[in-house]
Amino acid sequence: MRRQSGFTLLELLISVTIASGIIVLLTLVMRTALHSIAGAEGDVDSWQAQQFVRKQVAARLSADAFLLADSTELAFVTSLSARFGDIGPRVMVLYQYDRTEQALSYREITLPPAWEETDVTFREYLSRLKAGQGEGWQDKILTDLSEFQFSYQIASEGPRGLWETGLPVPVPDIEGIRFEMHFSNEQAAEWIVDSQVSY
């Protein structure tokens, strides 16, 4: 009796089992690689946001301009825009922690070329910015924040001052601004912008 050409059922089962094992291993490797890439992209985004915030806030600290600041909001006028960079018009910016969305949001509104910076115009444009009126832009800088707080270091004659969460009116000279963050995954971070450091 001559054997017919082809594969036996046992040979086919072994081939299917090996192929299935290879597919499962490749799937696990791909999932791990994609997870690592997503984590790295998140780290890069966070680093870029941190560098932009430091540069923008440091530019404000070195200028003599209005500033509205408390533990969850920071608003000021700057020539460094998230949309236009430093070649566009001046903008008013607002960093605001939203506890319900657990996010630090950034908003900016373009100011007219002949804008005069007074207490009245500052508050007027700030209310427009908060209401979403005018030509503006917004984005969430950080998400998954269980807690967030701004604190400020007021310039003093002697050694560096203490960090405070509220500022008196009129706002005194500020040496530093600290962003204190606690994320939902129990991690904590701190960004400090110092007026004596160039970014």
How much length is gained on full extension from GLU164 to GLU116, taking 0.36 nm per residue of separation minus their Cα-Cα distance? 14.3 nm
Near the amide H of PHE66, under 5 Å away, which other amide H atoms are found, from residues 5 or more places off or on another chain, if H is placed in the peptide plane? VAL77
Using alpha-carbon positions, the gyration tensor of the range 42-194 gives root eigenvalues a ≥ b ≥ c; with a/c under 1.5 called rounded, otherwise prolate if a/b exceeds b/c, else oblate, the class is oblate
Relative to the present Cα-Cα distance, how much length would full extension add between SER46 and PHE84 at 0.36 nm per residue of separation? 11.7 nm
Amide proton proximity set for SER195, modelled H, under 5 Å, gap of 5+: GLY176
Size of electric dipole in the range 42-194: Cβ of Lys, Arg +1 and of Asp, Glu -1, about Cα centre, debye, nearest 20: 340 debye
Relative contact order (%) - criterion: Cα under 8 Å, at least six apart; region: the range 42-194: 20 percent
Put +1 on the Cβ of each Lys and Arg and -1 on the Cβ of each Asp and Glu in the range 42-194; which of LEU67, TRP191, THR165 then has its Cα farthest toward the positive end of the dipole? LEU67
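Coordinate-derived values only; no laboratory data. All values derive from a computational prediction rather than experimental measurement. Cβ atoms come from the backbone with ideal geometry, glycine included; neighbour counts cover every protein chain shown.
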